[in-house]
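Have a look at the structure below, then the notes.
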């Protein structure tokens, strides 16, 4: 699972290599990448909301 998280984070910030991307697509586990992507994106949005609330104080 850690490999999936690292891959999703690398893709999120745009530093994932083409070779790693091809490995991800050939692994046959799209549900794991999709679920991890949704969770990471949700956490990122919540972090931004939290930071905005802290800055507004």
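Where a number appears in this text, it was derived from the coordinates with a stated rule and is not lab data. Note that this is a predicted model, so its numbers are computed, not measured. Note that each Cβ is placed from the backbone with ideal geometry, even for glycine, and that neighbours are counted across all protein chains shown.
Remarks
- Ranked 49, 13, criterion: other C-beta atoms within 10 Å, fewest first: 13, 49
- Between residue 56 and residue 17, the modelled labels are 4.3 nm apart [label points 7 Å from Cα along Cα→Cβ].
- Theoretical ellipticity at 222 nm over the chain - DSSP helices of four or more residues, -39500 (n - 2.57) apiece, nearest 500: -28000 deg cm²/dmol
- Calculated P(r) over Cα pairs in 10 Å bins from 0, in percent (choose from (1) 21, 44, 25, 9; (2) 24, 52, 22, 1; (3) 22, 45, 20, 11, 2), label: (3)
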